[in-house]
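Colleague: The structure follows.
The values are calculated or read from the model by the stated rules, or taken from the named source; none is laboratory data. Please read all numbers here as calculations on a predicted model, not as lab measurements. No Cβ is skipped: glycine too gets one built from the backbone with ideal geometry, and neighbour counts run over all protein chains shown. Calculation scope for accessible area: heavy atoms of the full protein, side chains included, ligands and nucleic acids excluded. Shrake-Rupley method; radii C 1.70, N 1.55, O 1.52, S 1.80 Å.
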Amino acid sequence: RKALIEHLLNKQAASAVVKHKGPALSAKQIDNVVKLTDGYSGSDLTAVCQEAALGPIRELDPKVLRTVKPEDVRQLNEKDFSNAVQNIRPSVSKENLNTFAKWAEQYGVSR
């Protein structure tokens, strides 16, 4: 989960627009997001990240949405993720995730 969250955040940070702002979340905040998303599948994490990414947009006045510059939109923060997990619930039970993990360990592709 941590690797996927960091990958998605790094995609945002790679944007020329946000490079000057520094990292969106600290390592400790990323660890907190990982804890929040315990039991979430990869697909669920993608949905959580997409939902979190809308947090800064939702704070904007609708009148400025068409004209706002990307550099004027604030970066993601930990609160965006905590709000996102309230809307996006895990789609797979922890039991099934454990079964999939065991299968992947035994038969899956090596990393």
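Colleague: When the residues of the range 23-40 are filtered to those that are open to solvent by 20 Å² or more (accessible area, probe 1.4 Å) and among the small types (G, A, S), which remaining residue is modelled with the lowest pLDDT?
Modeller: A24
Colleague: Let me ask you something else. Go through the range 83-109 and report how many residues are outside any helix (DSSP H, G or I), open to solvent by 50 Å² or more (accessible area, probe 1.4 Å) and within 28 Å of K28 (Cα to Cα).
Modeller: 4
Colleague: So, one more: Return the residue satisfying two criteria in turn: it lies in the range 41-82 and is closer than 28 Å to A101 by Cβ and not in a helix (DSSP H, G or I), and of such residues it is nearest to the chain's Cα centre (by Cα).
Modeller: Once the filter is applied, the top-ranked residue is L76.
Colleague: Could you tell me which residue of the range 1-22 is surrounded by the fewest Cβ atoms within 10 Å (Cβ to Cβ), considering only residues that are in a helix (DSSP H, G or I) and either modelled with pLDDT under 55 or of a type in the set (G, A, S) (or both)?
Modeller: By that ranking, first place goes to H20.
Colleague: Still on this model: Sort through K79, K63 and tell me the only one that's modelled with pLDDT of 90 or more, in contact with a helix residue (DSSP H, G or I) (Cβ under 8 Å, 6 or more places away or on another chain), more than 15 Å from D38 (Cα to Cα) and open to solvent by 100 Å² or more (accessible area, probe 1.4 Å).
Modeller: Of the residues listed, the single one that is modelled with pLDDT of 90 or more, in contact with a helix residue (DSSP H, G or I) (Cβ under 8 Å, 6 or more places away or on another chain), more than 15 Å from D38 (Cα to Cα) and open to solvent by 100 Å² or more (accessible area, probe 1.4 Å) is K79.
Colleague: Give me the pairs: first residue in the range 2-19 and among the basic types (K, R), second residue modelled with pLDDT of 60 or more, beta-carbon distance under 6 Å, and six or more apart or on different chains, which are they?
Modeller: These pairs meet every condition: K2/V34.
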